[in-house]
Amino acid sequence: MEIVILAVVIAVVLVGAVSGLVIGGRRKKQLPPAERPSATPTITTPPAEPRVGDEAETPRDESRRTIEEVDLPTAEAPEAPPAEAEPAPAAPEVEVPEPTEGRLVRLRARLARSQNALGKGLLTLLSREHLDEDTWEEIEDTLLTADVGVAPTQELVERLRERVRVLGTRTPQELRTLLREELLKLIATDAPRAVKTENGLETPAVVMVVGVNGTGKTTTTGKLARVLVADGKSVVLGAADTFRAAAADQLQTWGERVGARTVRGPEGGDPASIAFDAVKEGIAEQADVVLIDTAGRLHTKAGLMDELGKVKRVVEKQAPLDEVLLVLDATTGQNGLVQARVFAEVVDITGIVLTKLDGTAKGGIVVAVQRELGVPVKLIGLGEGPDDLAPFDPEAFVDALIGD
């Protein structure tokens with residue numbers, strides 16, 4: 001029993017010794033009260049940045065601001081460079097057309113080069129020593145090939161036969177004179193050949209230009225404007241051809257070259273309405289002449305031809321129609337006569353314009369078309385140049401055919 005009590009006492013002593021060691025170790029690890037961190041941390045100002053050179057000095061306390069407290073400069077948008085003003089489109093240069101006097105004289109050489117096959121052929125045949133039936137048949141064939149037409153050919157051959165029989169011996173100069181006189185009888189007409197540009201009224205003269213596609217109708221209208229301007233007339237153009245693409249642009253270009261204004265409408269618009277407006281503008285501007293370019297209608301389409309008649313009627317509500325010029329391509333020959341007949345049934349044709357007489361055209365068409373319609377050829381086109389439209393002069397034309 002004593003041994004047990006002794007063991008218990010020793011155990012209690014050992015436990016007490018160990019507990020003292022543990023408590024003592026903890027006390028040594030605790031910081032002294034002065035070194036313990038306070039509950040609220042203190043923020044110290046960072047030292048100023050060190051400086052270099054002349055600015056090196058002892059750092060001093062400087063006030064610091066956060067980025068939120070700093071007023072940053074407002075970034076200004078860079079000024080856009082001033083927009084360059086677009087240059088205004090240059091006004092088209094107005095041309096001064098060549099005077100009409102002497103135009104056919106200037107173009108006579110060109111006409112002679114392309115047309116005198118008819119005259120030379122007839123002179124060669126008439127110069128034969130014996131003019132038998134075969135020779136007269138050749139003369140007839142020559143005239144028919146030149147598109148003179150059947151009736152005029154027979155009439156001319158009969159007169160030539162009679163005069164050659166009476167004349168007897170024939171010198172080249174006598175034959176040329178004879179042929180010239182007979183051709184002039186065929187071509188000449190009592191109807192006036194000048195385009196009517198004065199009507200004695202307060203309204204402008206109104207000229208309507210008609211014809212099928214491809215005859216050079218719009219170009220002829222533009223060239224005619226140049227002829228009139230060259231004669232001192234003021235002109236207004238009416239672009240009533242609304243069915244052909246760019247026809248109005250083409251006519252306006254012609255007008256701008258000579259300072260003539262063009263009245264136009266939307267593509268596919270009512271041609272009669274545009275023609276009406278053109279005459280109305282011509283009256284308002286006190287123009288001398290109004291030229292109306294109509295659509296190049298196919299003469300085989302009755303509906304389109306009826307519309308052409310409508311254009312004529314609508315124009316006449318504003319002012320009387322002084323001229324209706326039919327443009328024919330001289331190279332089409334007898335086909336041109338078919339076109340002429342149909343147009344003459346719809347509108348009263350007052351004059352013919354023959355284009356493309358400078359190429360392979362045959363001069364006899366001048367005779368045929370005048371006989372067919374009973375109206376004179378007033379203008380002829382002898383080239384592609386802007387001033388290659390000339391008044392028709394029968395004597396100059398015949399002289400060009402038979403040569404000097």
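The values are calculated or read from the model by the stated rules, or taken from the named source; none is laboratory data. The model shown is predicted, which means the values in this text are computed figures rather than measured ones. Every residue, glycine as well, gets a Cβ built from its backbone with ideal geometry; the counts of neighbours run over all protein chains shown. Each accessible area value is taken on the protein alone, full model and side chains, heavy atoms only, with ligands, DNA and RNA left out. Shrake-Rupley method; radii C 1.70, N 1.55, O 1.52, S 1.80 Å.
Scanning the stretch 240-258 for residues that are more than 12 Å from the chain's Cα centre (by Cα) and within 20 Å of V311 (Cα to Cα), we see that the one that is most open to solvent (accessible area, probe 1.4 Å) is F243. If you check T215, T262, T153 for being under 19 Å from G282 (Cβ atoms), crowded, with 19+ Cβ neighbours inside 10 Å and in contact with a Leu (Cβ under 9 Å, 6 or more places away or on another chain), only one passes: T262.
Sub-6 Å Cβ pairs linking a first residue in the stretch 309-327 that is on the phi > 0 side of the Ramachandran plot and in a strand (DSSP E or B) to a second residue that is polar (S, T, N, Q) and crowded, with 20+ Cβ neighbours inside 10 Å, at least 6 apart or interchain, number zero. Residue count for the stretch 168-187 under the criterion of being in contact (Cβ under 8 Å) with a residue 60 or more places away in the chain and either farther than 18 Å from H130 by Cα or exposed (fewer than 14 other Cβ atoms within 10 Å of the Cβ) (or both): the result is 5.
Screening D147, D190 for residues that are surrounded by fewer than 15 Cβ atoms within 10 Å (Cβ to Cβ) and under 40 Å from the mean Cα position of the chain (by Cα) leaves exactly one candidate, D190.
Applying the criterion of being buried (at least 17 other Cβ atoms within 10 Å of the Cβ) and of a type in the set (D, E, K, R) to the residues of the stretch 225-239, the residue that is nearest to the chain's Cα centre (by Cα) is R226.
Sub-7 Å Cβ pairs linking a first residue in the stretch 139-165 that is within 22 Å of A330 (Cβ to Cβ) to a second residue that is buried (at least 21 other Cβ atoms within 10 Å of the Cβ) and of a type in the set (S, T, N, Q), at least 6 apart or interchain, are E140/T153; L143/T153; L144/T153, ordered by first then second residue. Would you call T350 surrounded by 19 or more Cβ atoms within 10 Å (Cβ to Cβ), under 25 Å from V311 (Cα atoms) and modelled with pLDDT under 90? Judged against the criteria, T350 is not a match.
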